[in-house]
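The values are calculated or read from the model by the stated rules, or taken from the named source; none is laboratory data. Since the model is a prediction, treat every value here as computed from it, not as a measurement. Glycine gets a Cβ as well: all are built from the backbone with ideal geometry, and neighbour counts include every protein chain shown. Protein only, heavy atoms only, side chains kept; ligands, DNA and RNA dropped before computing areas. Shrake-Rupley method; radii C 1.70, N 1.55, O 1.52, S 1.80 Å.
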Amino acid sequence: MAKVIIIGGGWSGCAAAVTAKKAGADVTILEKTDLLLGLGNVGGIMRNNGRFTAAEEIKALGAAELIEITDRAARHTNVDFPGHRHATLYDVVRIEPLVRRKLREMGIKIEFEVRAIDVQMKDLAIRSLLTADERWIEGDVYIETTGSTGPMGNCLRYGNGCSMCILRCPTFGPRISISQRAGVEDLLGQRGDDSYGAMSGSCKLSKDSLSEEYKERLNEEGVVVVAIPPEDVDLRKLSFKVCQQYALPEFAENIVLLDTGCAKLMTSYYPLEKLRRIPGFEFARYDDPYSGGRANSIRYLSMAPRNNGMKVDKVANLLCAGEKAGLFVGHTEAIGTGSLAGHNSIRLLLGMPLLELPRAIALGDIIAYTNEMMVDDEGIKKRYTFSGGTYFTRMQKQGLYTTDVAAIKKNIERIGLTDIFRTRLI
């Protein structure tokens with residue numbers, strides 16, 4: 001049986017595992033921490049704006065499992081907040097065990113606290129991976145979904161220091177770029193001022209540290225918006241954020257809280273002393289990142305050049321997905337690119353043409369468009385997401401955004417790709 005090794009157990013790695021397994025592979029995920037989903041353990045936002053369209057496309061393509069889990073774990077649906085409509089907010093506490101259980105039910109192997117640190121190459125192909133505990137792991141095809149955050153030095157150099165985020169580099173060790181170890185020159189995202197990387201866009205507050213009024217409103221409505229004192233408004237912070245779909249003035253002029261089980265604070269950081277001066281936040285405390293009063297993780301410092309079938313350039317048997325594959329932002333984007341990489345891992349092994357999703361659907365368009373934009377000096381400074389910013393504007397102009405589920409299914413059927421990710425290839 002074909003053996004597919006997935007390096008990284010975030011949303012894209014889990015999605016790749018699902019579709020590779022459906023295609024007939026023996027699948028193993030190597031995850032350096034003790035949790036799957038990575039940033040998905042602190043994210044919690046699905047189906048906002050164009051992500052609704054993309055989520056339904058993924059389901060129609062035959063990779064419904066992870067989307068359905070986020071729907072089942074929803075605390076709130078059809079939530080509107082500044083610049084965003086019809087969002088689903090999933091419970092960040094419940095989500096990881098549900099995904100872990102599903103993957104194991106499918107027969108996908110998961111090795112936790114296993115960190116890949118190097119590769120053995122032969123004829124431009126990876127023959128085996130070296131782990132930090134000095135094991136060599138062999139596979140036929142490899143999919144890198146390590147993300148683009150860490151190691152700690154990058155957060156120190158390009159940010160305000162290690163924030164001890166959910167990735168917990170001090171505990172589990174630094175992320176290593178497998179594509180770079182295989183001889184590929186990774187791409188680095190930039191900010192508008194030409195500095196590298198971008199700061200994660202939100203923090204988690206303990207809901208119990210908020211006033212009873214705000215707790216009740218979060219539990220009932222899913223969102224709370226509170227005006228920031230005028231003297232504390234700092235529009236410059238918006239340019240630091242990964243999540244440019246949230247880089248709207250409303251997010252600098254207000255505290256925007258979303259209920260994901262915790263209170264998700266939609267800003268990269270907020271000084272605790274200033275936060276506690278605002279009525280209702282007198283006892284506020286950060287849950288993640290632990291240094292959320294001054295810092296957050298720095299991302300987009302390690303992206304692999306790839307084609308639109310998610311294959312990494314210059315390495316015969318390596319694919320990539322999620323943030324590793326480009327300046328993508330969001331869980332839906334990670335699930336979509338991961339699903340394609342997992343399916344294509346078996347096509348690659350069999351010598352079949354790789355599936356490239358057509359630009360007549362949003363998922364195919366964002367994969368191709370992001371690839372085109374990343375070679376441009378200005379394009380490397382932007383982020384691409386279905387939920388806002390540059391790409392959502394394009395998505396609407398191209399007529400790709402809709403919340404009509406029947407129309408989305410019909411579009412996938414029209415291009416002949418209904419349930420393509422369910423196809424067993426071996």
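Over 23 Å between Cα atoms, which of Lys59/Lys382; Lys324/Lys382; Lys22/Lys109; Lys204/Lys381; Lys324/Lys381 qualify?
Values: Lys59/Lys382 28 Å; Lys324/Lys382 15 Å; Lys22/Lys109 14 Å; Lys204/Lys381 26 Å; Lys324/Lys381 16 Å.
Correct reply: Lys59/Lys382; Lys204/Lys381.
So what is the relative contact order of the chain, in percent, for Cα pairs below 8 Å that sit 6 or more residues apart?
The normalised contact order for the chain reaches 24 percent.
How do Met310, Met121, Met1 rank by accessible surface area computed with a 1.4 Å probe, from largest to smallest?
Working: Met310 0, Met121 70, Met1 160 Å².
Greatest to least solvent exposure: Met1, Met121, Met310.
Give the percent of DSSP beta bridges with both residues in the chain that are antiparallel, rounded to the nearest 5. Don't skip to the answer; put the middle values down first.
Numbers: 35 of 54 bridges.
Of those bridges, close to 65 percent are antiparallel.
If you average over every viewing direction, what projected area does the convex hull of the Cα atoms of the range 1-158 give, in nm²?
On the way: hull surface 45.4 nm².
Mean orientational projected area (the range 1-158, Cα hull): 11.4 nm².
When only the heavy atoms of the protein chains count and the probe is 1.4 Å, how do Leu340, Leu98 rank by accessible area, highest first?
Values: Leu340 0, Leu98 30 Å².
Per-residue accessible area, sorted high to low, gives Leu98, Leu340.
Of all the C-alpha pairs in the chain, what % are more than 29 Å from each other? Write down the numbers at each step before the final one.
Numbers: 36668 of 90525 pairs.
Here the tail beyond 29 Å accounts for 41 percent of pairs.
For n ≥ 4 DSSP H runs only, could you compute -39500 (n - 2.57) per run for the chain, divide by its residues and tell me the 222 nm figure to the nearest 500?
Details: 14 runs with 127 residues, N = 426.
Mean residue ellipticity, 222 nm, calculated: -8500 deg cm²/dmol.
Over the range 296-360, what is the relative contact order in percent, taking alpha-carbon pairs closer than 8 angstrom and at least six residues apart? Numbers along the way, then the final one.
On the way: 77 pairs, mean separation 18.9, N = 65.
In percent, rounded to a whole number, it is 29.
Apply 1/(1 + (r/R0)^6) to the Cβ-Cβ distance of Glu356 and Met1, taking R0 = 30 Å, and write down the FRET efficiency to the nearest 0.05.
On the way: r = 26 Å, r/R0 = 0.86.
For R0 = 30 Å, the calculated efficiency reads 0.70.
With +1 on each Lys and Arg Cβ and -1 on each Asp and Glu Cβ, and nothing else charged, work out how big the dipole of the chain is about its Cα centre, in Debye to the nearest 20.
Working: 55 positive and 53 negative charges, 135 e Å.
Dipole of the chain, to the nearest 20 debye: 660 debye.
Across the Cα atoms of the range 1-68, what radius of gyration and what greatest pairwise Cα-Cα distance (Dmax) are found, in Å?
13.1, 40
How much length, in nm to one decimal, is gained on full extension between Thr77 and Tyr290, taken as 0.36 nm per residue of separation minus their Cα-Cα distance?
Working: separation 213, 0.36 × 213 = 76.68 nm, distance 2.82 nm.
This chain segment gains 73.9 nm when fully extended.
For the range 299-426, what is the charge dipole size about the Cα centre, in debye to the nearest 20, if Lys and Arg each add +1 at the Cβ and Asp and Glu each add -1 at the Cβ? The partial results should precede the final answer.
On the way: 17 positive and 12 negative charges, 44 e Å.
Charge dipole of the range 299-426: 220 debye, to the nearest 20.
Kyte-Doolittle cut-off 0.0, length cut-off 18 Å along the helix's own axis using Cα: show which whole DSSP H helices in the chain pass.
Numbers: long enough: 331-350 (29 Å, 0.28).
Counting only whole DSSP H runs, the qualifying helices are 331-350.
Once the Cα gyration tensor of the range 277-426 is found, what semi-axes does its equivalent ellipsoid get, as square roots of 5 times the eigenvalues, in whole Å, sorted largest first?
On the way: eigenvalues 205, 86, 53 Å².
The answer is 32, 21, 16 Å, longest axis first.
Could you sort Asp287, Asp365 by their accessible area in this structure, using a 1.4 Å probe and putting the largest first? Working shown, then result.
Numbers: Asp287 55, Asp365 0 Å².
Listed by decreasing accessible area, they come as Asp287, Asp365.
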